[in-house]
1. If you look at just the Cα atoms of chain C, how large are its Rg and its Dmax in Å?
2. To the nearest 20 debye, what charge dipole does chain B have about its Cα centre, counting +1 at the Cβ of each Lys and Arg and -1 at the Cβ of each Asp and Glu?
3. Which value in nm describes the separation of the simple spin-label points at B:V162 and B:F260, placed 7 Å from the Cα toward the beta carbon?
4. Give me the percent of Cα-Cα pairs in the stretch C:350-430 that sit more than 19 Å apart, rounded to a whole number.
5. For a Förster distance of 35 Å, can you work out the FRET efficiency between the beta-carbons of B:L337 and B:L134, rounded to the nearest 0.05?
6. Run the helix sum for chain B: -39,500 (n - 2.57) per DSSP H stretch of 4+ residues, divided by residue count, reported at 222 nm to the nearest 500 deg cm²/dmol.
7. Students often check this: by mean Cβ neighbours within 10 Å, which of A:79-87, C:235-243 ranks highest, and how do the rest follow?
8. Under the definition of Cα pairs under 8 Å and six or more residues apart, what whole-number percent is the relative contact order of chain A?
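The values are calculated or read from the model by the stated rules, or taken from the named source; none is laboratory data. This one's a predicted model, so the numbers in the text were calculated from it and none came from an experiment. For neighbour counting, all protein chains shown are included, and Cβ atoms are generated from backbone atoms with ideal geometry for every residue, glycine included. Note: accessible area is taken over every heavy atom of the protein model, side chains too, but ligands, DNA and RNA are not part of it. Shrake-Rupley method; radii C 1.70, N 1.55, O 1.52, S 1.80 Å.
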Amino acid sequence: MNEHNASPREQGKRDFLKYVLGGGLFAWVVSIVYPLLAYLTPPKQAEVEVNSVKAGKLSEIERDTGTIVRFGNKPVILVRTASGEMRAFSATCTHLDCTVQYQKDMGVIWCACHNGKYDLNGRNVSGPPPRPLDEFKVILQGEEVSISKNA
Amino acid sequence: MTKLWIKLYRWVNERVHLEDLVEFLGKKYVPVHSHSVWYYFGGVSLFLFIIQVVTGILLLLYYKGSEQLAFESIQFIMSKVEFGWLIRSIHSWAANLFVLSAMIHMFSVYFTKAYRNPREMTWLTGMLMFFLALGFGFSGYLLPWNELAFFATKVGTDIAGVLPIIGEPIMIFLRGGEEVTGATLSRFFGFHVAVLPGIFTVLLGIHLILVQRQGMSEPIDVENSQTAERKTMPFFPNFLLRDLLFWLLVLNLLAILAVFFPWELGKKADLFAPAPAGIRPEWYFMFMFQTLKYIPAQLWIVDGEVFGIMAFGIAGLLWTLVPFWDRKSSRGEKNLLITYSGMFAVMYIIILTILGWRS
Amino acid sequence: MEIIRTIPMLLLCLLLPLMASSQSRVDQCLTCHETLGDKPSELFRRDVHFQKGVSCAGCHGGDASAEEMEQAMATEKGFIGVPKGDGISNACARCHSNATIMVKQFNSTLPRNQLEVLSASVHGKLSTTGKEHIAQCTTCHDAHGIVSTKEPGSPVFPLNVTKTCAKCHADAAFMRMYNPALPIDQLDKYRASVHGMKNAHGDVKVAACASCHGSHDIRSASDVKSRVYALNLPTTCGACHANAKYMKGYRIPTDQVKRFSSSVHGKALLEKHDLGAPACNDCHGNHGAAPPGVESISKVCGTCHALNATLFASSPHKKAFDKRRLPECETCHGYHEIVAATDDLLGVSPEATCSRCHRENQNAKGYLAAKTMRHLIDSLESSEKRADSLVADAEQKGMEVSEARFKLRDARQARLQSRTMVHAFNEEKFREVIGAGLNVSSIVAGEGQAAVDEYFFRRWGLGVATLIITIVAGSLYLTIRMIEKTQERQK
């Protein structure tokens, strides 16, 4: 940039421009670096939660127990019967949408809200539920258990 | 501050002799004429590619490429990682802008016949990069493992499988099996972050070196005009600063798009569910997809789909080889055939894309 | 003149005996068999068919005017002997299903579709021989001494019908052949019921077997068309119990069906066709029908509402209610017109049920508990609503809050469970359930609010970034202009 032809006014403008550009560039760099650093900082929940389809290893699921697994936005109850079979049903009670649980001593899937009971085929056998629980498919790939919607 | 830079330059220069390079750069001029605005699109494409690499690497830090976790990991990035939403939406938008910019760049080069002697290799590397860009788009689209992507990949690889003899092996290679499964996801992930970037970078290097060595091409009528009338501007600092200005505006555009039109995630893919309504490919594949719909099922002895794919293949090949069969441009003559066929291609693509959207 | 008057008289005198003799019975069958002294002919004299002028041949065929046996009981004249199996019902139906005979000849208002209906009913199924229906007309109506069903002599007269039905239905060996699962103690139960006791004392208005089950159209209780199918039962009971004129003198209300139909049980059963909901018999019993006693009401309700009954039984209200002879569930919830319980039942405002016994200066401990519990459940409801609206707002703005949505289920569940926990009438236990719900709602509300805040932060951030970029771009452009001007000047 050739400066010795410039008038003092022009020179003043040039300096002002230099400052504005420099300052702007600095602000711009900050507006890039700050989000970048924030992004690179691991969030409090360090890892994505294992949920939905994958339900764990077969060897980790005990017989005669039931667990709730999150399938997308809905809860699914995965039951391993006393004889070792794996069953999965929607865990939303068909009465008023409470979340059901496996009751070992009763040998049924039980809803704590109004004492609804479902047998291990998902059929409503006692209490207010009007319909059985939707069944889900349990797929065994080696040791991995995964749950899928019943097609 | 400036003194520090000068000191640094001198230190490197003693070891590598940068003076020749600097002198070369200082002498570079960019032609200025009525079509010189198109020169910027190569740079914009480059800028968008850099954006993709940067945002892609950032996404890689949190993305998990397995069937069980891909969707959830993107949900995680969108909701739990600070500015994750921004990085992801920028990556998705920039992908589309990158293809658009590359197309504008390609067509502007085509219409100004810049591919002619001595720039045939530049055109070839550019065309190969363009095909790779489409590959980037297709492989990246599957990575969120959502419903639309799953079915779009299914349809897309089905089309590839239609080709006679080689179609089926290609399809199995792409899918990592007979059907689209988690294996496909793994494969596409590998293509997207390792294979394609590697090849692309090599081609990009060649392309840029050629441009630097040969300088900018001028349209034929400008080239043939008097030397006195030809205006130029120095590459450094004029054209470079203008380029940077353009890049800054594109960056702002990306930010606006990311905030006001965040990229959707949809529903997680379910291998056993039926296809939902409204599956379609991304806009840059739409015109081909729509064309296939219009071709009747059987044309003489050839299957309609196969005919369509072959036709596009041949068209693509002709387009790629244009520097070699356009003799007139190599001689410095106007070639209206090229211009008109180019206009036809542009119109065809635009019209069929619109038709595809409206159906 | 006299001759003109006597000729018609003479004619009349001649004709009258003729007319009389044609009116008079030509039933040689009866004449003969009576002399033989067999039971059917003895019974037949009292039979309504005999009174209407039907001879033995009307059912058995043959020639009733013939005196000789061979002529009278001739197959050519249509004699069928003693009909067996479906032959019996077909013989009855020959007249009873024939409009010309029944209406024109006998001016009868009786229905004419009995055999048709019977064949479609459960009794119309084939018997174990496979050759005939289970029941024939004579099974219930007898063969020869048939009287109108309105007469005390009829086996299907209300005071007799129980014995008639019990002939088969209380016979274990017989019923085992057809439906081993069907109970055979209906008559015993019936005798213990209000209906049965009144019936035993000669009340003909009160319900007996046919009143509820029908006569020819009896179907299994699980058959949708049965009168005692759950969905049809309230109408069947209501046929008497909702008829004020019919029920006059019994001094019980006649609005039960109306009240039931507007109740939550009635709506569930009759409108939503939920077979899990109780019909009259589920609370009152079928054959042993009686209103449940005061201490046993919670046991009856508790067969379905088990959790509430258990909690109530160990609550302070149990002893208090028993002492005051208050019917347990009914006191707060009613019996026929049970409406869906809302939070309004709880609390100390004038509409609340608690305030009936609990005032600030009366049963004060309960008053405070009721007030607190209502306050707690209200706070949970509003907390849940707030969390829900925040999450909905974030969703509407396109933010990713599916996890928060999922967590919110637990808040709703806590509220539902607290409504059951109320029946323990224990403030501490109630607070525990509510507390869990409040916890969840506050977490979800926090997440929802954070999502909404993030939405606005992004827009502000964009504004700031755009401002910075505009300044940089603007100054960069001016710098370019400046450079180029300088370059121009240098040329």
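1. Calculated on Cα positions, Rg and Dmax stand at 40.9, 168 Å.
2. Taking the Cα centre of chain B as origin, the dipole is about 880 debye.
3. If labels sit at B:V162 and B:F260, their model points lie 3.9 nm apart.
4. Pairs farther apart than 19 Å: 50 percent.
5. Efficiency, from the Cβ-Cβ distance: 0.85.
6. Rounded to the nearest 500, the figure is -22000 deg cm²/dmol.
7. Going from most to least packed, we get C:235-243, A:79-87.
8. 16 percent
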